[in-house]
Each structure stands twice: as structure tokens, then as C-alpha cells.
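The values are calculated or read from the model by the stated rules, or taken from the named source; none is laboratory data. Owing to the predicted nature of the structure, the values given are computational and were not obtained by experimental measurement. When we count neighbours, we look across all protein chains shown, and the Cβ atoms used for this are built from the backbone with ideal geometry, even at glycine.
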Amino acid sequence: MRGMSLIVQVMTGLLAGILLLYGGYIILHGHLTPGGGFAGGVLVAAALILVSLAFGAVEQVERREYILSSIFESSGGLLFLGLAVAGYLAADYFFRNAGLFYIGRPLELVSGGIIPLANIAIGLKVGAGLFAIFLALGASRFVMKE
Amino acid sequence: MIPYLACVLLFLIGLYVVISKRNLIKIVIGFSLIEYAVNLFFALVGFKKGALAPIITQPEQVRMGVARNFVDPVPQALVLTAIVIGLSTTALMLSLAMRLYEKYKTFDISEIRRLKG
Amino acid sequence: MEGRILPLFVAIPLAGAFLVPLLSKLWTRFADLIASITSALLLGVSVYGWLMVNAGGMPLHYWVGGWRIIGIAMWFDALTALIVLIINIVGFCASVYSIRYLDRYTGGRWKFFTLLLLLIAGLNGLAISGDLFNMFVFIEISAIASYALVAFGTEEEEVEAAFKYMVLGEVGGAVLLFGIALIYARASTLNLAHLSQVLAGFGRTPFYWFVIATLLIGFAIKMGMEPFHAWLADAHFSAPAPISAMLSGVFIKVTGVYAMSRLMFNVFGVSRAETPAFFNLLIAFGAVSMVLGGLLAYTQNDYKRLLAYSSISQIGYILVALGIGNFWGIAGALFHILAHALGKGTLFLASGSVERQTGTRNLEQLKGLEKTMPATTWSHILASFSMAGLPPFAGFFSKLFIIIGAIAARMYWLAFLAALFSAVTLGYLTKVVNMAFFVKQNSSVTSTREAPGLMVLAMLVLVVLTVAVGVGFRGVLDHLVGPAARVLLNGLEYARLVLGG
Amino acid sequence: MARRFAYFIAGWIIWLLLGWTLNYQEVVAGAAVALIAAGMFGGYLPLQPRKLLNPVRWFWLLVYIPVFAWQCLKANIDVALRVLSPGLNLKPGIVKIKTNLKSDIAKVFLANSITMTPGTLTVEIKDDTLYIHWIEIRSDDPEEMAKMIKGPFEFFLKKIFD
């Protein structure tokens with residue numbers, strides 16, 4: 001059997017999506033509660049790593065995932081930089097927040113201007129980046145050896 | 001005072017591990033100890049006795065600009081950044097250690113001596 | 001506002017670094033193209049910034065996000081202009097050079113250029129940063145990129161050198177962070193200008209000296225000063241040649257010397273008259289580095305290892321010159337940073353060409369490269385002359401200024417030592433010329449062809465600049481190095497300019 | 001597809017419970033994130049979605065919780081007595097028991113229930129065989145062993161999942 005034992009596989013199947021959902025929750029509520037892009041991104045990466053450890057993967061799939069995650073990582077970085085440059089072009093200030101995007105009312109989900117967007121960018125970068133690190137370290141190869 | 005001294009102690013333990021241990025993985029662990037010590041110290045810097053976590057929970061606080069008795073949030077933000085840096089260095093260090101293991105089939109640093117001087 | 005260009009120094013290379021992995025999936029050569037274009041753009045921006053500072057006489061400043069003093073400050077004065085110019089000249093040459101040099105390695109082209117651009121982004125960010133913690137972050141960004149670049153070849157020696165370098169460098173980084181935490185604990189601010197005012201109010205307490213000592217240990221590790229030099233030779237030796245040029249020419253000076261002198265002179269307000277202990281310490285360690293590095297370089301038989309030890313020796317020169325502490329000393333130190341970046345950059349690039357064409361860098365096996373690789377040979381020879389301090393090259397004037405400074409400060413033995421080790425430098429560099437480039441018996445390896453055109457071009461740019469800086473030294477002194485030296489000499493004037501402006 | 005849809009609904013409900021608000025922004029964002037989560041990992045859901053709709057199964061699940069709690073309490077007291085009593089009355093070992101549960105998730109829940117009661121620990125599942133580390137092997141007969149370890153769990157899990 002590829003991957004880990006049945007117990008791990010079934011529980012992973014139940015929980016991986018919920019872990020991803022919780023990561024998304026943390027990322028999107030980064031401007032309202034503790035946590036944010038980095039913490040949520042780590043959770044997202046944890047979900048991806050959990051699935052790839054539990055079910056194992058063939059070399060080809062891993063390669064494809066690696067390329068995909070590196071693309072996602074770069075686009076997260078570009079998105080973050082784009083937010084900074086948007087402020088720069090609109091109001092002369094890097095990372096300018098006031099007056100550029102909809103600020104909203106405090107403690108609502110859509111509020112805080114560019115901060116939620118920046119959190120999403122960071123979450124994308126961290127999640128994809130950590131998963132890419134995992135794949136590059138080849139940790140799943142050790143599980144598959146038997 | 002004691003928490004600060006504990007941080008320094010943790011730092012010294014980490015330094016001892018980095019200097020004296022022969023195993024690559026143990027060196028990485030020692031380095032993580034150093035990093036935790038510094039991060040903990042930095043987080044302690046912002047601590048105020050009896051103060052609250054710097055989180056706004058009620059909309060009124062924003063509107064009225066109420067300055068509650070918060071701990072200093074800046075060190076926490078900085079420590080978060082430092083943790084991210086530490087994460088990437090640890091990952092890079094571990095990957096280098098794994099590469100060394102693949103090349104030399106050992107984690108013992110005294111057997112990894114291609115370079116002298 | 002006049003500081004509009006400042007964020008570009010970080011934004012351009014970061015955008016390049018993120019674009020390279022995306023676009024090189026379509027066509028691998030996009031990596032080369034993006035790296036060259038971004039570094040050329042950066043060079044243009046830094047020249048523009050230098051001209052603006054020079055014309056207006058006023059430094060440029062910028063507040064990220066418009067949050068004034070609580071946000072991240074960026075600052076571009078004459079000293080920054082000098083450092084940024086050095087970074088981007090060498091960075092541009094390194095990325096142009098790498099295009100053909102990377103043929104040695106199988107694949108990974110985009111990784112190399114991403115990391116190189118990150119390294120440049122980190123160094124540029126450090127140079128323009130006016131914020132203590134931001135300095136730390138940029139030091140770490142460039143350091144992490146450099147660790148990965150040292151290990152780029154993934155041979156045994158390279159990985160081992162990178163691990164060694166990484167452990168030492170990260171301990172240095174942790175010590176720096178500890179120092180920053182100490183400062184924040186007392187001053188509760190991170191803006192360098194505000195910090196210098198707050199620290200001036202505290203006086204010269206034991207705490208002040210403790211923080212200085214902590215930071216000095218961190219920076220000493222980063223710059224490879226003598227007791228902590230162990231990583232430097234191995235890392236420079238193992239890295240790909242353009243990265244060795246970046247590390248030796250730029251990295252150790254920006255993350256070590258520049259960051260240290262900015263903090264010490266402009267924030268802590270040290271000066272020869274008030275705190276001689278600090279300057280004597282710099283002279284002591286600098287002299288030891290100068291002597292030991294020079295002597296160790298003399299005994300090496302490997303091309304790049306010799307150059308690496310030579311870097312330690314030249315860092316010693318810079319520290320000694322800073323320690324002299326008068327105008328000529330500091331101008332000499334900054335001039336030497338420039339001369340060394342250009343000269344040592346050329347030498348490392350030349351070593352890379354030799355290695356690429358012949359497959360070895362053991363000096364005892366090489367012979368007669370002068371016939372087939374004239375451009376490399378003459379780049380090497382001219383850069384050696386500059387490093388050894390022969391007129392009319394850049395290195396001559398830097399050493400001249402250092403000696404003038406030492407005599408003016410009545411440190412005759414130091415002047416003598418500096419002159420003596422110029423001769424030693426000439427000795428070990430001509431040893432390379434004799435052994436590798438001209439005909440000799442008992443050796444076999446030689447090359448049939450000159451290095452590819454782009455590699456030669458990168459070397460020639462640096463050589464021409466070396467000669468130009470030497471010939472036009474008056475202009476460089478008046479418009480580039482002199483104002484930069486005055487920034488350091490004026491010390492706490494910095495805070496008034498930032499907060500008043 | 002049905003699995004992904006079930007996962008999507010479950011994820012959405014979890015999101016709303018996490019935020020504890022019915023603000024329309026939260027509802028929309030929750031739907032989006034749950035959609036992504038279901039799209040990526042919904043296919044791994046080890047349940048038949050139509051079984052989720054059967055209220056009888058949910059009833060048995062509610063009954064199962066106190067039963068499990070009671071078994072857990074008994075096992076806790078048992079182990080605590082072993083710890084407190086002088087001398088080592090242990091006879092640990094790994095035993096093999098058979099189960100007649102069919103679906104994977106039922107087997108895994110059986111294994112987890114056994115693990116969570118102190119004194120027993122599931123090591124591995126191979127087809128319909130469970131390998132269990134037991135603190136005191138009280139019997140030699142496989143049938144009896146299986147009965148002792150599984151207790152009432154199997155009966156309820158069959159009702160819930162199979």
C-alpha cells in the first residue's frame with residue numbers, strides 16, 4: 001500500500017479539508033483576530049503536507065506539485081509587491097493604505113483596506129512556499145521507502 | 001529579572017550545543033535554541049505587568065480611540081518577523097544537513113572534513 | 001516628494017526575483033534576461049539617486065506608507081549613494097557574467113538568478129534602510145540568499161562550506177537581534193534618527209558599551225573579521241565565481257562595515273575625540289586581520305582561496321582606516337571599499353573564467369594562459385595592480401589616503417604596516433600571475449580559448465572602472481567619497497537632517 | 001462529486017460556527033473557502049454522503065457518545081488501580097483480533113475508540129484484522145479476547161457507519 005496506514009489515511013481524509021478551511025479562516029481574519037497570513041499559511045501548508053504524507057505520491061505528481069507550488073509562491077510575492085506598488089502609484093507612498101481601497105467598518109470582514117489582501121498574498125506565499133520546502137526536502141520519499 | 005537571565009541561559013545552552021556537538025542535526029537544534037532565546041527575550045521586552053493583549057475587540061474602542069492598558073505590540077510584531085526568518089534559516093540548514101548526509105552517509109561533523117583551514 | 005525613487009531599490013529586484021520563477025517556466029532564458037534588465041535598471045536608479053543627492057546637497061528621505069516616524073524610514077544620503085553604487089555595479093557585472101558562466105551547471109538557472117536578485121534586494125534594502133529592525137531583516141534576507149548561493153553547486157565541499165558559513169552567520173544574526181532587543185528595551189524606538197537622539201540622552205553608561213560590544217560581535221562575524229574569519233575563506237572558495245565576487249566585493253562590506261559604521265557613527269555617535277577606546281579596538285582587530293589574512297594568502301596554492309584570504313586582509317585595511325577616525329582615514333576606508341569591490345570583483349571573475357576554461361584552479365597545474373586568454377590575463381593583472389596599490393589605479397589612492405590619515409593622526413607604525421602589506425599584496429597577486437598566466441615548466445593544464453564574450457565584458461567593465469576611478473580620483477573624492485566620509489564624521493547631524501527634513 | 005458537495009456543506013457549517021455570526025460577508029467568504037477546501041480535499045472523504053442523510057445513523061451516534069464515555073471511564077479506573085497497586089500486575093503483549101465491520105471508516109473509528117480507552121492501543125489495521133497492544137492479556141481464546149477488547153463498540157459502529 002502506498003503511503004501510511006489505513007488509520008492515518010482515513011483520518012487525513014476527514015480532517016485535511018477542515019485544516020485547509022481553518023487556515024483560510026485564519027488568513028481572512030488576520031486583521032480582526034490574532035494570526036494572519038503567516039499563521040494561516042502554515043496551516044494551509046500543513047494540510048497539503050498531511051495529505052501528501054498520508055497518501056504518498058509518485059515522483060511525477062510530486063514534480064508537478066513542486067512546480068505548481070513554486071508558481072503559487074511567486075504569484076503570492078508578486079501580489080504583495082503589487083499592493084505596495086498600487087499605493088505607490090496612487091498616492092506616492094509604498095504600502096499606502098488610506099483612501100486606496102474600501103476601508104469598511106471596524107471588525108467586519110471586509111475592512112482594513114489592503115491589509116486583508118496583503119494577508120491573502122502572504123498566506124499564498126507561505127503556504128505554497130512551505131509545501132515547496134517539504135517537497136524539496138523530499139520528506140515523503142522516506143515514508144514511501146517501505 | 002529572572003526571565004531575562006533565563007533567556008541568557010537558554011542562549012548559552014544553545015551556543016554550547018552548537019559549539020560542542022558533533023552531529024549536524026544537534027547543531028541545528030542548538031541553533032534553534034539560540035533563536036528561541038533571542039525571540040523570547042525580545043517578546044519579554046514589550047511586557048508590562050497587568051497589561052492586556054493589544055487586541056481591539058469592540059468597535060467602540062476604535063471609534064473613541066481608547067488607549068487601553070495594552071502591552072507594547074511592536075516587539076511582538078518584530079518577533080513574528082524574526083520567527084519567519086528563523087523558520088527559513090532552519091529549513092535551509094536542515095536541507096544542507098540532508099545534502100551532507102546524502103554525500104557522506106553520516107551526520108558526524110568530524111568525518112565531514114573535506115575543507116581544511 | 002524627492003524621495004520617490006527610494007522604494008524602487010527594493011521593489012525592482014524583488015519583482016525580478018518573483019518574476020524569474022514564473023516566466024522561466026515558459027522559456028529558461030527569461031531568467032538571464034530578467035536578471036540583467038533588473039540589475040541594469042537598478043544601476044540606472046542608483047546613478048540617478050547619486051546625481052540627485054549631489055546636485056541638491058540634501059539627502060533624500062521616504063516614509064513607507066506615509067506613517068512618518070512610527071513606520072519604516074528610508075534614507076539616501078551621500079554614504080548610501082556610494083554603497084548603493086558599489087552594490088549595483090558589481091551586481092550588474094555579476095548577473096551579466098553569470099549568463100555564460102552558468103553553463104557549467106546542469107539546470108537550476110532560475111534558482112540561481114532568483115537568489116542573486118534576492119541577494120541584491122537585501123543589500124540595497126540594507127543600504128537605504130533608516131530603521132534598525134529593517135536593517136536586521138535585510139541583512140538576513142541577503143544572508144539567507146548567500147548561504148543558498150554558496151551551496152549552489154551541491155558538491156561536497158560547497159555544501160560543507162555553506163553549512164559552516166550558515167551556522168556562524170546565523171549565530172551572528174542572533175547576536176545582532178539580541179543587541180537590537182537590548183536597544184529597543186531602553187529606547188522604545190527603532191527609527192535610527194529618533195534612536196540616536198534618545199541614546200544621546202542616556203550618556204556613556206555601561207549599558208551603552210554593552211550594546212556596542214554585542215553589535216560589534218554580530219557585525220564582526222558578518223564581515224569575517226579576524227577571530228571570526230573561519231567561514232569566509234571556505235565560503236568564498238566554494239561559491240560560484242560571480243557569487244564570490246558579490247560576497248567579497250559587496251556582501252561583507254555592506255552587511256558588515258557599512259551597517260556597523262552607520263550604527264556606530266550616526267546612531268551611537270562615536271567619535272575619535274570622545275570614545276577613543278572604540279577606535280583603538282577597530283585598529284587592533286583590523287591590524288590583526290590585515291597581517292594574518294595577508295600572510296595566509298601568501299601560502300595558498302588555490303586561486304580562489306588565495307583571493308579569499310586576501311579579502312580578509314583588505315577588510316583589515318578598511319577597519320584600520322575607520323579606526324584612524326579622521327577625514328583622510330574614513331575617506332580612505334570608503335575609497336578602499338570602492339576600490340576593493342571593483343578590483344576583487346575583477347579578480348574573482350577572472351578566476352571564474354580560468355576555472356571555466358581549464359577546469360581547474362590549482363595554480364601549480366596552470367600555465368601559459370596569457371597566450372590564449374589575453375583579456376582575462378590583463379584584467380587580472382590590472383586589478384592586481386590596483387589591489388596592490390600601484391598608481392594610477394583606484395587602490396593606490398585608497399591606500400594613500402589611509403597612510404595620509406595615519407600620519408596625520410601620528411600613528412606612524414600603522415602607516416608603515418599599511419605600506420608593508422601593500423607590498424605583500426603585490427607579492428601574492430604576482431605569484432598568481434607568474435604561476436597561471438605565463439609560461440613555466442612542470443605543469444600541463446592550459447586553455448585553448450578565451451572566455452565567452454559576456455564574461456569578458458563583465459570583467460572589462462570592472463577593470464575600466466578601476467582605471468577610471470584611479471585616474472579621476474579628484475572627482476570621485478569630491479563628489480562621491482568625500483561627502484560620504486563627511487556623513488560619518490558629522491555623526492549625530494544625521495538625526496537633525498532626518499527629523500528636521 | 002457527492003463527496004465534494006457533502007464536504008462543502010460541512011465546511012461551510014464549520015466556518016459559520018467558527019465565526020459565530022451570520023454577517024453576509026462571512027457567509028460569502030465561508031462559501032468560497034469551503035469550496036476551495038472541498039475542491040482540493042473533498043475527494044478524500046471516507047464516507048458515503050447519502051449515509052449522512054440517514055437520521056437513524058445520527059441517532060446511534062448520539063447514543064454511542066455516552067456508551068463510549070462509560071467504557072472510557074471504566075478503563076481509566078482499571079488502569080489507575082494498576083498504577084496505584086503495589087507490584088506490577090501487567091502482562092502486556094500484542095494481540096490480533098478480527099472485526100466484521102465492512103467500511104474503512106468504521107474500522108478506523110473502532111481502532112480509534114480502542115486506542116482512546118486506556119490500556120489498549122491499536123497498532124495497525126490489515127484488512128479485517130486489528131493488531132492491538134494490550135496492557136494485560138487476560139485470555140488466550142481469540143474469540144473471548146476480541147469480545148473483551150471491542151466491548152460494545154463494534155455493535156454501535158456497525159449501526160452508525162455500515
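Here are the numbers:
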read-out: Output for the stretch C:1-39, where each listed residue is more than 14 Å from A:Ser70 (Cβ to Cβ), of a type in the set (A, V, I, L, M) and surrounded by 15 or more Cβ atoms within 10 Å (Cβ to Cβ); value: C:Ile5, C:Leu6, C:Leu8, C:Val10, C:Ala11, C:Ile12, C:Leu14, C:Ala15, C:Leu33, C:Ile34, C:Ala35
read-out: Filtered residues of the stretch C:310-349 (kept if surrounded by fewer than 24 Cβ atoms within 10 Å (Cβ to Cβ) and within 13 Å of C:Ala484 (Cβ to Cβ)); value: C:Phe327
read-out: Residue selected from the stretch A:84-103 under the condition facing another protein chain (nearest Cβ under 7 Å) and not in a helix (DSSP H, G or I), by the criterion modelled with the lowest pLDDT; value: A:Asn97
read-out: Options C:Phe112, C:Phe133; residue that is within 14 Å of another protein chain (Cβ to nearest Cβ) and modelled with pLDDT under 95; value: C:Phe133
read-out: Criterion violated by D:Asn89 - all others in (1) within 23 Å of D:Lys74 (Cα to Cα); (2) touching a helix residue (DSSP H, G or I) at 6+ places or on another chain (Cβ under 9 Å); (3) without any contact (Cβ under 8 Å) to a residue 24 or more places away in the chain; (4) outside any helix (DSSP H, G or I) satisfied; value: (3)
read-out: Looking only at the stretch A:107-127, and only at residues there that are away from chain D (no Cβ under 14 Å) and of a type in the set (Gly, Ala, Ser), the one that is nearest to the chain's Cα centre (by Cα); value: A:Ala121
read-out: From A:Gly56, A:Gly36, A:Gly82, residue being surrounded by 20 or more Cβ atoms within 10 Å (Cβ to Cβ) and either more than 30 Å from D:Asp104 (Cβ to Cβ) or among the small types (Gly, Ala, Ser) (or both); value: A:Gly36
read-out: Identity of the residue in the stretch B:104-117, crowded, with 17+ Cβ neighbours inside 10 Å and part of a helix (DSSP H, G or I), that ends up nearest to the other protein chains (Cβ to nearest Cβ); value: B:Tyr104
read-out: Selected residue (criterion: nearest to D:Leu47 (Cα to Cα)) from residues of the stretch A:36-62 that are outside any helix (DSSP H, G or I) and among the aliphatic types (A, V, I, L, M); value: A:Ala57
read-out: Among the candidates A:Leu81, A:Leu28, A:Leu21, A:Leu32, residue that is at negative phi and more than 7 Å from every other protein chain (Cβ to nearest Cβ); value: A:Leu32
read-out: Verdict on D:Ile94 being farther than 28 Å from D:Leu45 by Cα and surrounded by 14 or more Cβ atoms within 10 Å (Cβ to Cβ); value: no
read-out: Evaluation of D:Leu22 against (1) part of a helix (DSSP H, G or I); (2) loosely packed, with under 14 Cβ neighbours inside 10 Å (one fails), failing number; value: (1)
read-out: Matching entry among C:Leu232, C:Leu199 (being over 21 Å from B:Leu80 (Cβ atoms), at pLDDT below 90 and within 25 Å of the chain's Cα centre (by Cα)); value: C:Leu232
read-out: Candidate set from the stretch D:31-59 (those that are under 17 Å from A:Ala47 (Cβ atoms) and among the small types (Gly, Ala, Ser)); member that is nearest to the other protein chains (Cβ to nearest Cβ); value: D:Ala37
read-out: Among the candidates A:Thr12, A:Thr33, residue that is more than 24 Å from C:Lys111 (Cα to Cα) and assigned to a loop (DSSP other than H, G, I, E, B); value: A:Thr33
read-out: Selection within the stretch C:136-176 - of a type in the set (Val, Ile, Thr), under 20 Å from C:Met74 (Cα atoms) and facing chain B (nearest Cβ under 7 Å); value: C:Val137
read-out: Residue that is within 25 Å of C:Phe237 (Cα to Cα) and touching a helix residue (DSSP H, G or I) at 6+ places or on another chain (Cβ under 6 Å), where the choices are C:Leu149, C:Leu192, C:Leu177; value: C:Leu149
read-out: Residue satisfying all of: in the stretch C:350-385; more than 18 Å from C:Tyr97 (Cα to Cα) and hydrophobic (A, V, I, L, M, F, W, C); surrounded by the most Cβ atoms within 10 Å (Cβ to Cβ) among these; value: C:Leu369
read-out: Candidates C:Leu82, C:Leu126, C:Leu60, C:Leu119, filtered to the one that is within 14 Å of chain A (Cβ to nearest Cβ) and surrounded by 21 or more Cβ atoms within 10 Å (Cβ to Cβ); value: C:Leu60
read-out: Where C:Glu158 falls short, out of the listed (1) buried (at least 20 other Cβ atoms within 10 Å of the Cβ); (2) modelled with pLDDT of 90 or more; value: (2)
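The rows are residues; the columns are (1) of a type in the set (S, T, N, Q); (2) closer than 22 Å to C:Gly218 by Cα; (3) touching a strand residue (DSSP E or B) at 6+ places or on another chain (Cβ under 8 Å).
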site	(1), (2), (3)
B:Leu5	no, yes, no
B:Glu35	no, yes, no
B:Asn39	yes, yes, no
B:Lys49	no, no, no
B:Pro54	no, no, yes
B:Thr57	yes, no, no
B:Pro73	no, no, no
B:Ala82	no, yes, no
B:Ile85	no, yes, no
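Here's the yes/no breakdown for (1) aromatic (Phe, Trp, Tyr); (2) within 14 Å of chain A (Cβ to nearest Cβ):
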residue: D:Ile94; (1), (2): no, no
residue: D:Ser103; (1), (2): no, yes
residue: D:Lys107; (1), (2): no, yes
residue: D:Asn112; (1), (2): no, yes
residue: D:Met116; (1), (2): no, yes
residue: D:Gly119; (1), (2): no, no
residue: D:Val123; (1), (2): no, yes
residue: D:Tyr131; (1), (2): yes, yes
residue: D:Ile137; (1), (2): no, no
